[in-house]
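Visitor: Before anything else, here's the structure in question.
The values are calculated or read from the model by the stated rules, or taken from the named source; none is laboratory data. What you see is a predicted model; the values in this text were computed from it and never measured. Here the Cβ is made from the backbone with ideal geometry for all residues, glycine too, and neighbour counts use every protein chain on show.
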Amino acid sequence: MEKLFKTLGDENRLRILNLLTIEELCVCEIEVVLDLTQSNVSRHLAKLRSAGLIIGDKDKQWIHYKVSDGVRLDNRHLFDYLLDKFQGTTVYQQDKNRLKSYKESSYTCQTIRADRAFVMNYLEAENSF
């Protein structure tokens, strides 16, 4: 249990978990939505995976991450608490809005790899309040 709470003790890991409660994502999508580096996202994903909170499914060169079904069942009360807090906290809602903008665009992982700055500028413009 200590490992679980240590893993959840980092805001970036909570932000990633928040996005993964919505849908399955790969590293490049998480990095562009949260404006984090690839190495930073990968490090956080490794910790979330090690704690059993997420799993990764390999599809050719991409790994798509999602919340582990076991976490939803084994830690249902904790998971429900987190979902409630994600709903009521501004930064998590902004992340969800950026994810929605990204998903509504025609951009893909290939677009991000080709021109990350272009996709980032698009997300900034779409989500400037």
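Visitor: So how many residues does the range 73-118 have that are within 16 Å of the chain's Cα centre (by Cα) and of a type in the set (D, E, K, R)?
Guide: 6
Visitor: Failed condition for Ser42, given (1) surrounded by fewer than 17 Cβ atoms within 10 Å (Cβ to Cβ); (2) within 14 Å of Leu8 (Cβ to Cβ); (3) at pLDDT 95 or above; (4) not β-branched (Val, Ile, Thr), with all others met?
Guide: (2)
Visitor: I need a count of the residues in the range 45-79 that are surrounded by 17 or more Cβ atoms within 10 Å (Cβ to Cβ) and free of Cβ contacts under 8 Å to residues at least 24 places away in the same chain.
Guide: Within the range 45-79, residues that are surrounded by 17 or more Cβ atoms within 10 Å (Cβ to Cβ) and free of Cβ contacts under 8 Å to residues at least 24 places away in the same chain number 5.
Visitor: Something else about it: Only one of these is buried (at least 17 other Cβ atoms within 10 Å of the Cβ) and not in a helix (DSSP H, G or I): Leu36, Leu14. Name it.
Guide: Leu36
Visitor: Return the residues of the range 16-48 that are among the charged types (D, E, K, R) and within 17 Å of Ala114 (Cβ to Cβ); say none if nothing qualifies. Steps first, answer last, please.
Guide: Keep residues of the range 16-48 that are among the charged types (D, E, K, R), which gives 23-24, 29, 31, 35, 43, 47.
Across the range 16-48, the qualifying residues are Glu29, Glu31.
Visitor: Quick check: anything in the range 72-95 farther than 13 Å from Ile16 by Cβ and touching a Phe, Trp or Tyr at 6+ places or on another chain (Cβ under 6 Å)?
Guide: The answer is yes; a qualifying residue exists.
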